[in-house]
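The values are calculated or read from the model by the stated rules, or taken from the named source; none is laboratory data. Values in this document were obtained by computation on a predicted structure and should not be read as measured data. Every residue, glycine among them, receives a Cβ derived from its backbone with ideal geometry; neighbour counts consider all protein chains shown. Surface areas here come from the heavy atoms of the whole protein model, side chains and all, with no ligands, DNA or RNA. Shrake-Rupley method; radii C 1.70, N 1.55, O 1.52, S 1.80 Å.
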2 protein chains.
Amino acid sequence: MAFFESNYWHPSVATDIVLLSLRQKKLSALLVKRLDHENGWALPGGFLEKGEDLDQCAHRELNEETGIQVPYMSHFANYSDPNRDSRHQVISVAYLAVHPSGKLRIRANSDVFDVNWFNVENLPDLSFDHNKICGDGIKYSRLLIERKPSLAFAFHNGGFTLTELQQTFAAFGGHKFSPENKRNFRLWLKNYADGRGLVVETDKFREGNHRPARIYEPNLEALDKETIK
Amino acid sequence: MAFFESNYWHPSVATDIVLLSLRQKKLSALLVKRLDHENGWALPGGFLEKGEDLDQCAHRELNEETGIQVPYMSHFANYSDPNRDSRHQVISVAYLAVHPSGKLRIRANSDVFDVNWFNVENLPDLSFDHNKICGDGIKYSRLLIERKPSLAFAFHNGGFTLTELQQTFAAFGGHKFSPENKRNFRLWLKNYADGRGLVVETDKFREGNHRPARIYEPNLEALDKETIK
DNA sequence: CCAAAAGTGTTGATCCTACACCCATGT
DNA sequence: ACATGGGTGTAGGATCAACACTTTTGG
């Protein structure tokens, strides 16, 4: 006997996560290989379970499949073409997430037998419509970081120098945050962040073969007040 | 025997539509009274059917319940609290839509026994979490009209005068498009729309106890090229 | 001393605000 | 003639891009 019965038809509902990070200063997305997904690369994600909401589902799936937790995650689109999965009708609820650069501890998991970062300019063929979803997520991230530049902080753990922050913006290809107009980037940042108290100066410096660079940290309290998801 | 069976649990999926329009120059939302919704006011919408995608579902439900079609409709959020509907777990996919001001022909429908516009400043108590959804939709529309001002064209049928267009912006309470700075609104519009070719002058005029006002029309081709959903 | 990257001052163009003013119609 | 709303010109302030410059470290 079937486990689930109803007088009405029901679709399946899953979450898929476009997880972005900086790897070698390139914007990169995390992909997984799972036993069921035609053995190809795909976005991390999975089916909604009874009693949880979509946000919980996305966090749970990401944690189960990669063992990580992220400082930023939010919904950006739905995918509901009845034929997007040939086996049955699945609504995919897509999330954008950000992981700070640095070590990624991948947890062993029976379903997932490979996990890796891929430069977003050079993604492999993905299962289902995941190339479309991933591309949309990247496009969305470019819009988002212009509307809510504090998103860039989520790419850094334990503070950042202004040059590092600028490189983060540059990884998105945004115009104003672009290449070597260091001066204007800093003026813009001062204007943007100072009024809102978004960043705080620390007394720490990043050392190198050059003048040490001051390290800044995001002001978590002020960040919570930022509008726009 | 049950109509639908599966080895896995499935949620229900529905679309709900926040349909906005201008009524007496006030931003207003369309609400319906249905036999099943505790006999209270609620957003138009209903369950996804087998073989259709979410956009089709939203258009179909709106058409079935109110007999109208709209020039703008797009997804803005999901609602998935497991307890948002006490009867069973329903994912609500929320859409924002715009209807031009003017006559609304309501089609008789057995499920819906009342339909009406409500000023968004003064909404009644709605079924389920529809007050939350509707409020979010209105907030979203305020963001959207700043990011993509051409949305304002969807509130007008058969052309608009510049004053009418400005009143549309004013209905959202936006700062720059605000009260009686006619001069700057027009300068801003010229700068925004001229470069993109978004509006075209017609040779028609709106008459009144005063100098006739030139009527403009949106350029549909250029509108399609506008970025941002 | 030199290389390399951090960090600052300032000008000129551009955009936006505020305010004043003229124009065309109905009564 | 005048009331009403349509429609425009423009000076001064704020904002922003571009470029040149100084500072501090390691080797």
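Residues in region B:30-54 that are buried (at least 21 other Cβ atoms within 10 Å of the Cβ) and in contact with a helix residue (DSSP H, G or I) (Cβ under 6 Å, 6 or more places away or on another chain): B:Val32, B:Ala42, B:Leu43, B:Pro44, B:Gly45, B:Leu48. Residues to consider are A:Ala222, A:Ala152; find the one that is of a type outside the set (Ser, Thr, Tyr) and either assigned by TED's automatic domain parsing to the domain that holds A:Asn119 or touching a Gly at 6+ places or on another chain (Cβ under 6 Å) (or both). Unique residue meeting the criteria: A:Ala222.
Residues in region B:136-149 that are more than 18 Å from A:Leu143 (Cα to Cα) and either assigned by TED's automatic domain parsing to the domain that holds B:Arg84 or basic (Lys, Arg) (or both): B:Lys139 alone.
Being over 23 Å from B:Leu126 (Cα atoms) and either out of contact with any His (no Cβ under 6 Å at 6 or more places or on another chain) or part of a strand (DSSP E or B) (or both) is the filter here; which residues of region B:1-23 pass it?
B:Met1, B:Ala2, B:Phe3, B:Phe4, B:Glu5, B:Ser6, B:Asn7, B:Tyr8, B:Trp9 - these are the residues of region B:1-23 that are over 23 Å from B:Leu126 (Cα atoms) and either out of contact with any His (no Cβ under 6 Å at 6 or more places or on another chain) or part of a strand (DSSP E or B) (or both).
The one condition from (1) touching a helix residue (DSSP H, G or I) at 6+ places or on another chain (Cβ under 7 Å); (2) in the same structural domain as B:Trp188 (by TED's automatic domain parsing) that B:Gly158 does not meet is (1).
Within region A:198-229, the residues that satisfy the criterion of being polar (S, T, N, Q) and either part of a strand (DSSP E or B) or more than 9 Å from DNA strand C (Cβ to nearest atom) (or both) are A:Thr202, A:Asn219, A:Thr227.
For A:Gly195, the requirement of being away from every other protein chain (no Cβ under 14 Å), in a loop (DSSP other than H, G, I, E, B) and more than 16 Å from DNA strand C (Cβ to nearest atom) is not met.
One line per residue, one yes/no per condition, for (1) within 16 Å of DNA strand D (Cβ to nearest atom); (2) touching a residue at least 24 places away in the same chain (Cβ under 8 Å); (3) open to solvent by 60 Å² or more (accessible area, probe 1.4 Å):
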residue	(1), (2), (3)
B:Asn131	no, no, yes
B:Lys148	no, yes, no
B:Thr161	yes, yes, no
B:Gln167	yes, yes, yes
B:Arg183	yes, no, yes
B:Trp188	yes, no, no
B:Gly197	no, yes, no
B:Arg206	yes, yes, yes
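Taking region A:130-163 as the range and being of a type in the set (A, V, I, L, M, F, W, C) and either part of a helix (DSSP H, G or I) or away from DNA strand C (no atom under 16 Å from the Cβ) (or both) as the test, the residues that pass are A:Ile133, A:Cys134, A:Ile138, A:Leu143, A:Leu144, A:Ile145, A:Leu151, A:Ala152, A:Phe153, A:Ala154, A:Phe155, A:Leu162.
If the condition is being within 14 Å of chain A (Cβ to nearest Cβ), touching a residue at least 40 places away in the same chain (Cβ under 8 Å) and open to solvent by 70 Å² or more (accessible area, probe 1.4 Å), then region B:80-106 contributes B:Asp81, B:His88. If I filter region A:212-220 for residues that are of a type in the set (A, V, I, L, M, F, W, C) and under 21 Å from A:Pro71 (Cα atoms), do I get at least one hit? Within region A:212-220, one or more residues are of a type in the set (A, V, I, L, M, F, W, C) and under 21 Å from A:Pro71 (Cα atoms).
Checked against (1) crowded, with 18+ Cβ neighbours inside 10 Å; (2) among the hydroxyl-bearing types (Ser, Thr, Tyr); (3) part of a strand (DSSP E or B), B:Ser74 passes all but condition (1).
Condition first: more than 14 Å from chain B (Cβ to nearest Cβ) and within 9 Å of DNA strand D (Cβ to nearest atom). Can you find one or more residues in region A:169-179 that meet it? Checked region A:169-179: at least one residue is more than 14 Å from chain B (Cβ to nearest Cβ) and within 9 Å of DNA strand D (Cβ to nearest atom).
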